[in-house]
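The values are calculated or read from the model by the stated rules, or taken from the named source; none is laboratory data. Predicted, not measured: the structure shown is a model, and the values here were computed from it. All Cβ positions, even for glycine, are placed from backbone atoms using ideal geometry, and neighbour counts span all protein chains on display. To get the accessible areas, we keep the full protein, side chains included, count just its heavy atoms, and leave off ligands, DNA and RNA. Shrake-Rupley method; radii C 1.70, N 1.55, O 1.52, S 1.80 Å.
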Amino acid sequence: MTSARILGTGSFLPRRVVTNAELALTVDTSDEWIVSRTGIRERRVAAPDETTCDLAERAARQALDAAGCLASDIDLLIVATTTPDRVFPSTACLLQERLGIHGSAAFDVQAVCTGFVYALAIAEKFIRTGGTKRALVVGAETMSRIVDWNDRSTSVLFGDGAGAVVVGASDEPGILSSHLHADGAYKDLLTVSTGVSDRGAGPGHITMRGNEVFRMAVTTLDALVGETLAANDLKQTDIRWLVPHQANIRIIAATAKRLGMTMDQVIVTVDRHGNTSAASIPLAFDTGVRDGRIRRGDVVLMEAFGGGLTWGSVLLRY
Ligand code: ACO
């Protein structure tokens, strides 16, 4: 049976580094508080004229190169983002035009920090059912545009970036299973309450009930890991790498503990990237592939949790 295999990866970060010390010049915080509560030391912030699509394009071109394929080989393009360039067309269509792809399906997926996991799961289903041969799946964000830089409880958490993978039809095993969930009853825990149709009252910034999100994340991810292992009849020790959504090192460590993993089996980028929402998993995955830790044949668990609430996992053999 046809499987969907990751053929190549790429990523891109804006040039500008914002350290915790720099944030402490404008809001009442400290490097010690941020590192001890979150593990974040610095994040990247896009230039004023740099958009989500700009970041996505750089990551996508690198993934195409790594996969050894041409943009014209792509017959499905999905961008996971919460911070699209425009209301419409989708960032996927904007990226399609930049890459010179004509006629493929192209659309955005909005599942906040779980967006890349949703997008990869969708691409896998398109490939496995036979219609798609090569999919480009991108997670890209400019979270800095929806952060209130005067709010210390959220501004220290987020960053900008993009990651991408090319997924292709293969006879060898690739994506083994995906597990997607959401519960809109928790819509107000983590939100930008201003939109297009509902103008809301606020200025359009992220608000978060951090403690509640933290508790939900730990318990939900614990159940998700159990669900993923059971669906594949696998033991904890069968998983070589954990590539988690990079929101908080304490949440990541709790999931690793649940899997009986040491932290050297976890790809961690939150210290340098902060929370880049839908970009965080493909950024971390590309980091692990490029520095040689993640190798062909390794079993990798990706898991994420974010606004919606949404949560999900993808288990794959790289
Ligand atoms: N610097 C210094 N003090 C701060 C800061 C800061 N940057 N931010 C908050 N504080 C203060 C608070 O005001 C509070 O002060 P008080 O006790 O005088 O009231 C104190 O620190 C403790 O605040 P808490 O919110 O209880 O701190 P907590 O230990 O919960 O850490 C954090 C906050 C890091 C946000 C944590 O709750 C967390 O990581 N939550 C989960 C976030 C997450 O995983 N999001 C995932 C999805 S993101 C997405 O989908 C877009």
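Centre-to-centre, using Cα atoms only, the stretch 132-206 and the stretch 274-311 are separated by 13 Å. For the stretch 3-172, the pair-distance distribution built from all alpha carbon pairs, in bins 5 Å wide starting at 0, is 1, 9, 17, 20, 17, 12, 9, 7, 4, 2, 0 percent. Working note: Cα atoms of the stretch 176-317, range along each principal axis, descending, whole Å: 50, 30, 25. Each residue was assigned an accessible area with a 1.4 Å probe, and for residue 118 the value is about 50 Å². Could you tell me what percent of the accessible area of the stretch 176-317 is made up of carbon and sulfur, with a 1.4 Å probe and every protein chain present? On the stretch 176-317, the fraction of accessible area on carbon and sulfur atoms equals 51 percent. Using the Cβ-Cβ distance between residue 21 and residue 98 with R0 = 30 Å, the FRET efficiency computed as 1/(1 + (r/R0)^6) comes to roughly 0.25. Between residue 290 and residue 183, the simple label model (points 7 Å from Cα in the Cβ direction) yields a spacing of 3.7 nm. The label-point distance for residue 107 and residue 237, in a model that sets each label 7 Å from Cα toward Cβ, rounds to 4.3 nm. Estimated from helical segments only, the mean residue ellipticity of the chain at 222 nm is -9500 deg cm²/dmol, where each DSSP H run of four or more residues counts as -39500 (n - 2.57). Each other residue within a Cβ distance under 11 Å of residue 229 adds +1 if Lys or Arg and -1 if Asp or Glu, for a net charge of -1. Over 32 Å apart at the Cα level, from the set 125/187; 133/257; 187/257, are 133/257.
Using the Karplus relation 6.51 cos²θ - 1.76 cosθ + 1.60 with θ = phi - 60°, the per-residue 3J(HN,Hα) values for the stretch 75-87 come to 10, 8, 10, 10, 10, 8, 7, 10, 10, x, 4, 10, 5 Hz, with x marking Gly and Pro.
Pairs of C-alpha atoms in the chain farther apart than 27 Å represent 37 percent of all such pairs. When Rg and the Kirkwood radius Rh are both evaluated on Cα atoms of the stretch 196-238, their ratio Rg/Rh stands at 1.30. Taking every protein chain into account, the accessible area of the chain amounts to 42 square angstrom per residue (probe 1.4 Å). Annotation: extensible slack from residue 2 through residue 215 equals 72.8 nm (criterion: 0.36 nm per residue apart, minus Cα-Cα distance). The label-point distance for residue 148 and residue 37, in a model that sets each label 7 Å from Cα toward Cβ, rounds to 1.5 nm.
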